[in-house]
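What follows is calculated from the coordinates using simple rules that are stated; it is not laboratory data. Keep in mind the model is a prediction, meaning the values are calculated, not measured. With ideal geometry, Cβ positions are generated from the backbone for all residues, glycine too; neighbour counts draw on all protein chains shown.
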Amino acid sequence: MVFDPGLLLNAIVSGLLLGGFYALATSGLTIAFGMLDVVNIAHPTFIVLGAFATFALNQATGLDPILCCLILLPVFFLLGRGFYDVYYRFFERRGDAAIQGLAFFFGVMFVVEVSLSLIFGPNHQHVETPYAWTNLGIGPVDLPVRMLIPCAMAAVGIGAVTLFFRTTFIGRAVAAVGQDEGALRLVAIDPLKIKRLAFGLSLLLAALAGGALLVVQPVDPWAGHTFIGRVFAICILGGLASMRGSWMAALLFGVIENVTATYLGPSWSPAVAFGLLLLTLAVRPQGLFAR
Amino acid sequence: MMKFTRRSLLATGSAMVLAAGLGLSAPALAQSGEPIKIGFSMALTGGLASNGKAALAAMQIWEEEINGRGGLIGRPVKLVYYDDQSNGATVPGIVTKLIDVDKVDLLLSGYSTAAIAPAMPIVIQKKMVFLTLLGFNMNSEFKYDRYFSMIPAGSDANRDFSKGFLEVAATMDPKPKSIAVVNLDAEFPKRASDGLKDNLKKYDLKVVYDQSYPPTTVDFLPIIRAVAAAKPDLVYFVSYPVDSAGLIRAIREVGLKAMMVGGGMVGPQIGSFKTMMGPAMNNMVIWDTYVPEKTLNFPGIQELLAKYQPRSQGLDPLGFYVPPLAYANMQILEQAVTKVGKIDQGALAEYMHANTFSTVLGDVKFDKMGEWSQERLLLVQYQNINGNGLEQFKQPGTQAILYPPQYKSGNLVYPFEAKR
Amino acid sequence: MRFYLGAVGVTALVFLAFHLAGIEYLWFTAYVVVQYVVLATAWNILGGYAGYVNFGSAAFFAVGTYAAVALHKMGIGNLWLMMAAGGVTAGLLGLAMGYLTLRLRGAYFSIATLSLAVLLQTIITNWSYLGGSRGVYVIRPSEVAVFTSFVEYLFAVMLLLALAAICIARYIEKSRLGYGLAAIRDDELAAEASGVPTLRLKLIATTVSGGLMGMAGAPMPYYSTFIEPASAFGLNYAVNAMAMPLVGGLKTWVGPLVGALMMGTAQQIATVTISSAVNLLLVGLLLIGFLMLAPQGIVGLIKGRAKR
Amino acid sequence: MSDIQLAVAGLQKRFGGFTALGGIDFQARRGERIGIIGPNGSGKSTFVNCLAGALRHDGGTIRFNGEDIGGLPAHGRAWRGLARTFQLPRPFTSLSVRENIFVPLVNLGHRPGQAVVPDAELKDRADQALMRVGLAAKADELPKSLTQVELRKLELAKAIATGPDLLISDEAMAGLSHSEVDEILDLLFDINRGGTTVIMIEHIIRAVTRFSERLLVLVAGEKIADGEPQGVLALAEVEKAYLGQ
């Protein structure tokens, strides 16, 4: 293949855009898995649930899917809080979190998928938007709105959550809860309350990612499977508990996938991306971007 | 000793539960006027469920019709089917259950190769007639003389699949010189793309891009970009619905230019896909099995669609793709059994090899491998699509048939240019 | 010794019962259930005994399957050789995975196994000698000596493998190795301090577990006739291999056996009865319910009852 | 063989840019009772972990019974007769108290000059160890039903079941009551009488001074004193760095 600078540039730019979506998809997991140590294997399925909820609201009201998604955020926040209560009561408190908790989320994933296919049928669902087909290309570089919107949603969503973690007292407590529960008790904060809030945020971000997913591609109940490996890989590459780290890892992951797809052939992009993860785990298990 | 006893209890107990649960203890019904049982596995959950359910709907329409007409050779008909969960590994169990336990009289396949292949050794061993649905070039491996294939691809499906595309491409002026091939990493797409490359020897075409992509691909922009950079005259895709959608979006977003674009995409045949993509499919050239063009007005097809569409809730709203194929299988079965006059697998197979059947997809004749003796895949160009409405696709004109010549209903519009 | 004789006896009885039933369908379904007994038992050697959760069971299974396919391509159709090849290849893979991930614990290890599965699937998908993404047909012989049909033979072989797997699991559990693995599961650092050579034990566990999974995968080409990467690496294997021991109980060899027999049988029955999405939903809810209300699995539940 | 059992020379350990141990020299004679004290963060635990192999040191040598054990993993050091207890008890929670003792016992066969413990003797050997620490009555219980002090005793029983040459006890008494501290101390004296060298890391000065023949003081990763307990405690810098806190 002849070297074409436009091709490389596009591979990188599209990879960054894709990475933006991955960052949003991973952000909730960074909270659940990285900070709370909850191995929520069902996270991508919650994203799909968010997409279907957005789809249903859009069909019912005719509102723009992104607006629908925003309306749904509080619902998912509450759902997350309730969910954590169940998880805490039946698994974490009993000390069975590791293996049983994992299987629990597997079960949840299964139930959510089957329920969605019962309600919506096995078909793909999608939402028509006026901007879906627009490309704000600059010169030879493609900037499809379909990929830009998730990126922007990622920036706003992750930015807001990061700001919350950095600037508010409760937010700092969330960031600390994974590292030292005892310290929180000392300052008279109930760790359970904090964890519940954090898991609520995790599902809120999942719903936001769901809205974005619906813009990116048609969604079926099993669409989450595509992302399980990716989001966990990105979370670990990013050093687990770091929002900034998972951002950077997501961008790197997107760029690697798309550059590989462009030059080596798309067939090899998962192998290259996951090979990188395996290598990272073997050599630097604390993640590429851990501080 | 304690453990040993518990263990043996457990084993025997579970064997009994298994036997009871699988319905082995129920004595077989034997009454006069006993229904003719037609058995099959079908994908009712999992990835292939939308097509599997559409197929089932068409088969049930036939079941109602035939029982309304007083049954088959005087006996009522009953469909016996189990969900294979879109998973081939469940098929051997289901097929043996159908044959051994349910004692079905006639056997059909589930949807597509993955559901057919695992059934083959069993079917061969039991010497059953086997009508299959969308199995791609299956019998070349088994060479079973009671296999009959419902896919209008002809005896050399791998190659025949892309024949129309290349034939039509060759009619353009100037003649195309290069081709890009993109396929999904899966059984059918890989075979179809290999078949295309075999065909190329006949044409003076250079392959300038040839890549496959994994089913987990999210972003198709890099693929289309790389295709565009190779500047091919023809672009041939073999893909499944989600990735077909992703590819078509990317084609528009990149603004891909070529003389002819399309090929072996799966998805555009389905109504919900047509409304999802709408005008984005304009001028794409894609294979098909049935479209409502005047040249394809086979007897019964309109009636079938009229019955199917009202019950398509949650399924393909048009039903052009799988339902006619599934229904045609039933028609063939009906005609063969009626003419032979009894359920005799050998006689049925012999009759089916020897005769031509009239179906909603036109006349079907099988060759000695059980494939259609006359390859009849359509090549369709999407034209004049406005907006995302469903009704326009029920009318002639939006899906012009370019190939085969006997059904031609429109002219090729080229070159292909995707508006950004 | 009495246990092993008993186990052989029970296996022979089970085979005899199914042989006398003489229904091919039973062999087909029982094969699947017994195959899951092997997978669950193998998973449990690493996951239940040593506490290392393997998400990549499907990869070991598929490596066994494809080792058999490779042999078949080379013209070797002997089932025992295929199983040996599958076992050795998957065992070596387990050993390699053990080395690669020796520093990883908890979820890190699990994600690493998941990545390994993705990597291997990509390689197989692009390996045209083994059929690549277009898949490969392996037509089973129609007859075999002694047995009524080849499927009964497959069933018998899988039954023997299950017997072997359970004996190995029980041997490990009751042996000194078992105490070492339990110590690793509970506290790896404390295990080291008590003189447990943790790395060596983990490597033994990954190798034995992987090898058994590979052997379980090796007869698959003959069972299903058509093998392609997407189904060979199917999520089903990974989920069931893990869920079955969890439902049964993790700490003893009985757990995976009970879990696999129960869930495997339930799945087989669900396939041919009121099969629908609702049915799958019930299976999923049942799994969740079990995990919430019987965290030590069925075995734990029964033991708890017995104590009370 | 010389009288020196453990010889540490120039032991260094860094975490990133932070120097946890700045080159410690230290020797222990066979059968000695040694106490190590130091303020929080002085490197006591790091020192123990480097000796026992839970951490890899960055410089210096560790010789045990004349052999360089610096390159050995933790279990390799255990096999050579170096036992330790953890600051916070780390029982094997899914095993019964007796089975907890099986774990070190079944690995005893790896120790040079030691025979494999036959299956038939395992139970007796484990029960002996439990008897010594006074846990015999709890042998069939799970660790989660034990009290704090019983968990400490279980730690000790695990460590001494194999008859180690050297026992490093890492703050085995923190958080215990006055009488419980005495119980543990009596145990350690008993172990020492059996010929085992004991190195005790402790915060409780009363316990250390009662137990130790020799006292070592670590401050900020450096050894600032080493000698007879009363004399060491009287040193001005020890008082300043440690007691004056």
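Enumerate the whole-percent occupancy of each 5 Å bin, from 0 to the last occupied one, for all C-alpha pair distances of the range A:25-97.
Percent of pairs per bin, in order: 4, 15, 21, 23, 15, 11, 6, 4, 1, 0.
Tell me, rounded to the nearest percent, the portion of alpha carbon pairs in chain B spaced more than 29 Å apart.
Details: 41385 of 87990 pairs.
Here the long-distance tail beyond 29 Å is 47 percent of all Cα pairs in chain B.
Find how many whole Å separate the alpha carbon centroid of the range C:38-82 from the alpha carbon centroid of the range B:343-420.
Between the Cα centres of the range B:343-420 and the range C:38-82 lies a distance of 44 Å.
Along the Cα-to-Cβ line of residue C:78, 7 Å from the Cα, sits a label point; which residues in the range C:202-239 have backbone N less than 13 Å from it?
none
Are there any helices in chain A, counted as whole DSSP H runs, that stretch 24 Å or more along their axis by Cα and score at least -0.5 on average by Kyte-Doolittle, and if so which? Please report the intermediate quantities before stating the final value.
Numbers: long enough: A:5-29 (35 Å, 1.46); A:43-61 (27 Å, 0.93); A:65-87 (30 Å, 1.70); A:102-120 (27 Å, 2.36); A:145-167 (32 Å, 1.54); A:191-216 (37 Å, 1.65); A:243-263 (30 Å, 0.75).
Result, helices passing both filters: A:5-29, A:43-61, A:65-87, A:102-120, A:145-167, A:191-216, A:243-263.
State the Cα centre-to-centre distance between the range C:91-114 and the range A:62-128 in whole Å.
29 Å
Averaged over every viewing direction, what's the projected area of the C-alpha convex hull for the range B:146-225? Give it in nm², one decimal, please. If you can, show how the numbers build up before the last one.
Details: hull surface 27.6 nm².
Averaged projected hull area, Cα only: 6.9 nm².
Which three semi-axes in whole Å describe the equivalent ellipsoid of the range C:2-234, each the square root of 5 times a Cα gyration tensor eigenvalue, listed largest first?
They are 31, 24, 12 Å, listed largest first.
Based solely on its DSSP helices, what 222 nm [θ] is calculated for the protein assembly as shown when runs of n ≥ 4 H residues each add -39,500 (n - 2.57) and the sum is averaged over all residues, nearest 500 deg cm²/dmol? Please list the in-between numbers first.
On the way: 48 runs with 668 residues, N = 1264.
Helices in the protein assembly as shown give a 222 nm mean residue ellipticity of -17000 deg cm²/dmol.
Arrange the following residues from fewest to most other Cβ atoms within 10 Å of their Cβ: C:163, C:5. Please report the intermediate quantities before stating the final value.
On the way: C:163 21, C:5 10.
Going from sparsest to densest Cβ surroundings: C:5, C:163.
Pick from B:209, B:147, B:111: which is most flexible by mean-square fluctuation in a GNM of chain B where alpha carbon atoms under 10 Å apart are linked?
Looking only at B:209, B:147, B:111, the largest GNM fluctuation is found for B:209.
With Rg and the Kirkwood Rh both taken from Cα atoms, where does Rg over Rh land for the range C:234-285?
Values: Rg = 11.5 Å, Rh = 11.4 Å.
My calculation puts Rg/Rh at 1.01.
With each label point set 7 Å from Cα along the Cα-Cβ vector, what nm distance links residue C:100 and residue D:144?
3.5 nm
Residues with amide H under 5 Å of residue B:72's amide H, sequence separation 5 or more or different chain, H placed in the peptide plane at 1.01 Å from N; which?
Hits under the 5 Å cutoff: B:77.
Under a no-solvent Debye model with one identical scatterer per Cα of the range A:198-291, what's log10 I(q)/I(0) at q = 0.17, 0.24 Å⁻¹?
-0.84, -1.31
When chain C is treated as a GNM, springs tying every alpha-carbon pair under 10 Å, which of C:214, C:94, C:195 comes out with the largest mean-square fluctuation?
C:195
For a quick protection proxy, order the peptides C:43-52, A:217-226, B:236-245 by their average other-Cβ count within 10 Å, most packed first.
On the way: C:43-52: 27.4, A:217-226: 23.3, B:236-245: 24.9.
Result, highest mean Cβ count within 10 Å first: C:43-52, B:236-245, A:217-226.
Give me P(r) over chain A, computed from all C-alpha to C-alpha distances, binned every 5 Å, as integer percentages.
Percent of pairs per bin, in order: 1, 6, 11, 16, 18, 17, 14, 9, 5, 2, 1, 0, 0.
For a quick size check, give me the Cα extents of the protein assembly as shown along its three principal axes, largest first, whole Å.
111, 75, 52
So what are the radius of gyration and Dmax for the Cα set of chain D, in Å?
Reported Rg and Dmax, both Å: 17.7, 57.
How high is the FRET efficiency between residue C:128 and residue C:235 when r is their beta carbon distance and R₀ equals 35 Å, given to the nearest 0.05? The partial results should precede the final answer.
Values: r = 25 Å, r/R0 = 0.70.
Calculated value: 0.90.
Going by alpha carbons, how many degrees (0 to 90, nearest 10) lie between the helix axis of B:187-199 and the longest principal axis of chain B?
50 degrees
From the mean inverse distance of alpha carbon pairs (Kirkwood) and the Cα radius of gyration, derive Rg over Rh for the range B:203-242. Intermediate results must be reported in sequence, preceding the final value.
Numbers: Rg = 11.3 Å, Rh = 11.5 Å.
Using only Cα positions, Rg/Rh for the range B:203-242 is 0.98.
Give, in whole angstrom and from largest to smallest, the semi-axes √(5λ) of the equivalent ellipsoid of the range D:88-130, with λ running over the eigenvalues of the Cα gyration tensor.
Numbers: eigenvalues 76, 32, 14 Å².
Result for the range D:88-130: semi-axes of 19, 13, 8 Å.
Pick from C:216, C:21, C:205: which is most flexible by mean-square fluctuation in a GNM of chain C where alpha carbon atoms under 10 Å apart are linked?
C:21
Which of rounded, prolate or oblate describes the range C:200-281 when judged by the alpha-carbon gyration tensor and an a/c cut-off of 1.5?
oblate
By the scheme Lys and Arg +1, Asp and Glu -1, what is the net charge of all other residues having a beta-carbon under 12 Å from that of residue B:320? Each step should come with its number before you reach the end.
Numbers: positive: B:274, B:394; negative: B:288, B:293, B:316.
Taking every Cβ under 12 Å from that of residue B:320, the sum is -1.
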